[in-house]
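The structure appears right after this line, and notes come after that.
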Amino acid sequence: MKALSMLLLVVLGLSGWSNAGASERREFCVFDVAGASGFVYRTLQDYHRKAALAGVGLNMRPYTDEDQAVADLRAGRCDIVAVTDMGARKFNDFSGSISAIGAIPYYEDLKVLLHILASPRVDRHLEQNGYEVLGVTPMGAAYLFVNDRAINHVEALEGKRITVFEGHHDARHMVEYVGAVPVAAKISDFASLFNSGEADISYAPAAAYEVLEMFRGMGSKGGIVDYPVGQVTVQLIARADEFDDAFVRKSRRIMSRLYPEAMRIVRQYERSIPEERWVKISPEAVRGYQEMLRSVRIDMQQSTEDSGMLAAGVYHDDMMTILRKVRCYTNPGAMECSADNRE
């Protein structure tokens with residue numbers, strides 16, 4: 001009888017330990033404008049599987065409202081949240097600077113940067129104000145969706161109405177810098193503003209053409225300018241010390257290694273857009289965009305006006321230097337690589 005009692009205590013103890021282990025499943029809140037059927041959610045299912053192999057069970061939950069996902073992380077209802085660069089800027093200006101306008105023109109640049117972000121060399125920058133970045137992976141380049149194919153060079157932007165996301169102070173500064181008119185937008189309504197004709201131009205990854213039906217706003221005359229004005233990424237944010245250092249490092253490597261699969265889907269969306277919808281621009285126009293975007297970033301950093309200082313405040317100096325070095329590594333002949341006024 002005594003032996004049976006001991007056996008029951010052991011079994012109950014093991015059962016209690018097992019239940020405690022099950023309760024350790026963490027809440028993984030994923031923002032995707034298309035919900036559980038979206039590109040981001042589907043891509044991060046691979047992260048979900050690899051995190052489990054690393055010993056961290058996650059309960060994935062889709063969000064179609066990024067602000068709500070951010071609020072739930074702050075309230076403790078999420079242990080990890082997947083957000084865009086704009087959402088990440090609320091927690092970390094180093095990783096949030098990845099989406100600096102024109103700072104990562106090509107996917108090869110982004111690939112190099114993701115390897116850097118998975119390296120221990122930048123660990124100290126990835127934790128700020130009680131939160132840390134658990135990894136970054138691509139969502140695709142941001143292109144200008146236009147309602148007139150004649151908007152194919154920098155000068156053509158003057159006077160045009162361009163959507164600008166709340167808190168995207170650097171984009172607003174660029175719009176005003178080129179003489180265009182900013183139209184306040186949210187991730188939830190920027191496509192409808194373009195589709196309804198309330199904006200002439202909106203910037204988004206190629207997936208928006210199909211997922212958000214932005215072809216409607218193009219009409220018969222519009223298209224997509226075939227030059228990236230920035231990169232959109234998905235970033236994982238968690239409370240600092242929520243996970244041990246070993247998993248944090250593993251998480252960053254997992255996210256970095258999602259690059260090939262994420263890019264396969266990104267390119268699939270880009271290839272699915274009819275060829276005639278792409279607005280091809282000349283090499284001169286490309287150089288014009290590159291120099292204009294660099295001039296805007298420098299102008300913000302040197303500005304003494306409130307709007308300029310507000311815009312420059314969203315950029316982390318160390319990240320901007322890293323991005324310039326990456327661009328000059330992949331394109332050493334660029335004007336900025338020999339310019340005196342380097343970032």
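Restricting the calculation to alpha carbons of segment 93-164 gives Rg and Dmax of 16.4, 47 angstrom.
Phi-derived couplings, Karplus 6.51 cos²θ - 1.76 cosθ + 1.60 at θ = phi - 60°, listed residue by residue for segment 200-209: 8, 9, 9, 10, 6, x, 4, 4, 5, 4 Hz, with x used for Gly and Pro. Between 0 and 90 degrees, the angle of helix 39-53 with respect to the longest Cα principal axis of the chain falls at about 30 degrees.
Its Kirkwood hydrodynamic radius, worked out from the mean inverse distance over all distinct Cα pairs, puts segment 174-226 at 11.6 Å. Computed over the alpha-carbon atoms, segment 88-225 gives an Rg to Rh ratio of 1.01, Rh here being the Kirkwood radius from the mean inverse distance. Distance between Cα centroids, segment 259-300 to segment 158-185: provide it in whole Å. Computed from Cα coordinates, the inter-centre distance equals 18 Å. Comparing segment 163-256 with the 2.2 N^0.38 Å rule of thumb, its C-alpha radius of gyration ratio is 1.41 (two decimals).
When Rg and Dmax are taken over the Cα atoms of segment 30-76, they come to 11.3, 30 Å. 3J(HN,Hα) along segment 68-76, derived from phi through the Karplus expression 6.51 cos²θ - 1.76 cosθ + 1.60 where θ = phi - 60°, amounts to 5, 4, 4, 4, 6, 5, 4, 7, x Hz, with x in place of Gly and Pro. Taking all Cα pairs closer than 8 Å and separated by 6 or more residues, the relative contact order of the chain comes to 23 percent.
The coefficient of translational diffusion for segment 144-183, derived via Stokes-Einstein from the alpha carbon Kirkwood radius under 37 °C and 0.692 mPa s, stands at 318 µm²/s. Structure remark: mean-square fluctuation, Gaussian network model of the chain, C-alpha springs under 10 Å; the largest value among T321, T64, T43 belongs to T321. The peptide list 70-80, 85-95, 190-200, put in order of mean Cβ contacts within 10 Å with the highest first, becomes 85-95, 190-200, 70-80. Computed 3J(HN,Hα) for segment 287-296, one whole-Hz value per residue from the Karplus formula 6.51 cos²θ - 1.76 cosθ + 1.60 where θ = phi - 60°, is 4, x, 5, 4, 6, 4, 5, 5, 4, 5, glycine and proline marked x. Note that the chain, at 10 °C in a medium of 1.306 mPa s, gets a Stokes-Einstein diffusion coefficient of 75 µm²/s from its Kirkwood radius over C-alpha pairs.
Sorting the Cα pairs of segment 135-292 by distance into bins of 5 Å, from 0 upward, gives 2, 9, 16, 20, 18, 14, 9, 6, 4, 2, 0 percent per bin. Each distinct pair of alpha carbons in segment 66-123 adds a 1/r term; the inverse of their mean, the Kirkwood radius, is 12.8 Å.
Label positions at E158 and E276, each projected 7 Å from the Cα along the C-beta direction, are separated by 3.2 nm. Is there a pair in K186/K325; K50/K325; K90/K160; K50/K250 whose C-alpha atoms are over 20 Å apart, and which pairs would that be? Violating the 20 Å limit, Cα to Cα: K186/K325; K50/K325; K90/K160. DSSP beta bridges fully contained in the chain are about 60 percent antiparallel. Taking Cα atoms only, the orientation of helix 259-272 departs from the longest principal axis of the chain by about 40 degrees.
Considering only Y259, I151, I187, whose Cα is most displaced toward the positive end of the charge dipole of the chain, charges sitting on Cβ of Lys, Arg (+1) and Asp, Glu (-1)? Farthest along the dipole direction, towards plus: Y259.
Taking label positions 7 Å along the Cα-Cβ direction at both R49 and A240, the computed distance is 3.5 nm, reported to one decimal. Applying D = kT/(6 pi eta Rh) to segment 202-324, where Rh is the Kirkwood radius over alpha-carbon pairs, T corresponds to 37 °C and eta to 0.692 mPa s, the Stokes-Einstein value obtained is 182 µm²/s.
Amide H to amide H, with H built 1.01 Å from N, A118 comes under 5 Å of no residue 5 or more places away or on another chain.
Taken together, the values in this text are just the output of simple stated rules run on the coordinates, not laboratory data. Remember, it's a predicted structure, so these values are computed and weren't measured experimentally. Every residue, glycine as well, gets a Cβ built from its backbone with ideal geometry; the counts of neighbours run over all protein chains shown.
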